[in-house]
Amino acid sequence: MRYLPLTLLLGVLLTLNLGCQKKDDPASQPPPATEEHPAITAANKILSAIHAGDDTALRPLLNAGNQDIKDRDIRRFLEESKTEVGDVTEVTEIRAGRAENEVVAKIRVVDDEVFVIVLTLESGEYLFEDINSPGVSNYESLKKVAP
């Protein structure tokens, strides 16, 4: 009982201190969330469509060169791609591609091949071009973009 006033005083002081912090004070703000590179977001949507076998989800993610692909061909591509992507559901690394406005998203490494999703930047969006498998040394020679 004799420590109760001291405990109450400490509680009041802590409450006042927290309440008096300025909202604009950077020290009182949580750290900003790091934004994911938009190519990683696009590649992860493509992986999701592949795993689900969802041609409807993949169609709006296709770049201009792939817009003419027939639905049956997209479905066949989705089935064949499941082997290439394996059980990977997320990409975490983006490198610059060989062409201008092209990036590659690393899916996985198998022996001396790196399976990648090739994306092209069109009208500010990264869109699906293809899945390729360059050699490890060729892949590692590409400039890292993210993270």
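The values are calculated or read from the model by the stated rules, or taken from the named source; none is laboratory data. Everything quoted here is computed from the prediction, not taken from an experiment. Note that we place each Cβ from the backbone using ideal geometry, even for glycine, and neighbour counts take in every protein chain shown.
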- Message: Taking the conditions exactly as written (of a type in the set (D, E, K, R), out of contact with any Leu (no Cβ under 6 Å at 6 or more places or on another chain) and exposed (fewer than 12 other Cβ atoms within 10 Å of the Cβ)), does Arg72 satisfy them or not?
- Response: yes
- Item | Unmet requirement for Asp55, which otherwise passes all of (1) under 13 Å from Ala39 (Cβ atoms); (2) touching a Lys or Arg at 6+ places or on another chain (Cβ under 7 Å) | (1)
- Going through the stretch 102-128 in order, the residues found to be touching a residue at least 12 places away in the same chain (Cβ under 8 Å) and closer than 12 Å to Asn63 by Cα are Glu102, Val118, Leu119, Thr120, Leu121, Glu122, Glu125, Tyr126, Leu127, Phe128
- Message: For the stretch 105-140: of the residues being under 16 Å from Ile46 (Cα atoms) and among the aromatic types (Phe, Trp, Tyr), which is surrounded by the fewest Cβ atoms within 10 Å (Cβ to Cβ)?
- Response: Phe115
- Item | Count of the stretch 66-90 residues which are under 14 Å from Glu125 (Cβ atoms) and in contact with a strand residue (DSSP E or B) (Cβ under 9 Å, 6 or more places away or on another chain) | 1
- For the stretch 88-96, state whether one or more residues are in a strand (DSSP E or B) and surrounded by fewer than 16 Cβ atoms within 10 Å (Cβ to Cβ). yes
- Message: Quick test for you: out of Asp73, Asp55, pick the one residue that is at pLDDT 55 or above, of a type in the set (D, E, K, R) and in contact with a helix residue (DSSP H, G or I) (Cβ under 7 Å, 6 or more places away or on another chain).
- Response: Asp55
- Kindly indicate whether any position in the stretch 9-26 is touching a Ser or Thr at 6+ places or on another chain (Cβ under 6 Å) and either modelled with pLDDT of 95 or more or surrounded by 15 or more Cβ atoms within 10 Å (Cβ to Cβ) (or both). no
- Task: Would you point out which residue out of Leu78, Leu121 is in contact with a helix residue (DSSP H, G or I) (Cβ under 7 Å, 6 or more places away or on another chain) and not charged (D, E, K, R)?
- Result: Leu78
- Message: Return the residues of the stretch 44-61 that are over 17 Å from the mean Cα position of the chain (by Cα) and under 21 Å from Glu102 (Cβ atoms); say none if nothing qualifies.
- Response: Arg59, Pro60
